[in-house]
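As structure tokens, the structure follows; a few thoughts come after it.
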Amino acid sequence: MKRIAAVLIVLLMPFAAAAQNMMGMDQADMQKYMQMMQDMQACMEKVDQAELDALEKRSEEFNAEIDALCAQGKRDEAQKKAVAFSREMADNATVQQIRQCTEKFVDMMPQEERSFMKDFDAAERHICDER
């Protein structure tokens, strides 16, 4: 994981100047941004890889189950499972750890780009309509 992150940082360095112009960052802001990225990387390296793999597998199973329910027209059942899964993920210690690692970085993102970080809210939308 360290090698991947290090490679990503090296590959992204040429974009630092472009990001500086695009995001209106001065040199100090860019250094602060890069430090936050390094802090996030160090924090993410502490996440248990086995737990992360288990979460990924669980998410893939959930997505397959929801896709099948939506395809069968079982919208209410799919919605109930989506709400339960959202609560399960919110209570998961590994997910909470990842959120702590990424919250400073996410706070720097423009509001419209943060929407993917939002938890599923059954009152606002239906899971089958998100597919």
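Looking at the range 114-122, can you tell me whether even one residue there is part of a loop (DSSP other than H, G, I, E, B), modelled with pLDDT under 70 and open to solvent by 70 Å² or more (accessible area, probe 1.4 Å)? The answer is yes; a qualifying residue exists.
Listed by first and then second residue, the pairs with beta-carbon distance under 7 Å, at least 6 apart or on different chains, first residue in the range 19-30 and of a type in the set (A, V, I, L, M), second modelled with pLDDT of 60 or more, are 19/25; 25/33. Restricting the first residue to the range 119-131 and requiring it to be at negative phi, which pairs with a second residue that is modelled with pLDDT under 65 and surrounded by 12 or more Cβ atoms within 10 Å (Cβ to Cβ) meet a Cβ separation below 7 Å and a spacing of at least six or different chains? Short answer, once both residue conditions are applied: 127/120. For residue 104, the test of being open to solvent by 40 Å² or more (accessible area, probe 1.4 Å), touching a residue at least 24 places away in the same chain (Cβ under 8 Å) and outside any helix (DSSP H, G or I) is failed.
Under the condition of being among the acidic types (Asp, Glu), surrounded by 12 or more Cβ atoms within 10 Å (Cβ to Cβ) and over 15 Å from residue 129 (Cβ atoms), the residues counted in the range 50-76 number 2.
The values are calculated or read from the model by the stated rules, or taken from the named source; none is laboratory data. Just so it is clear, the model here is predicted, and its values are computed rather than measured. Neighbour counts are summed over all protein chains in view; Cβ atoms, including those assigned to glycine, are modelled from backbone coordinates with ideal geometry. For the accessible areas, the whole protein counts, side chains as well, though only heavy atoms, and no ligand, DNA or RNA atoms are used. Shrake-Rupley method; radii C 1.70, N 1.55, O 1.52, S 1.80 Å.
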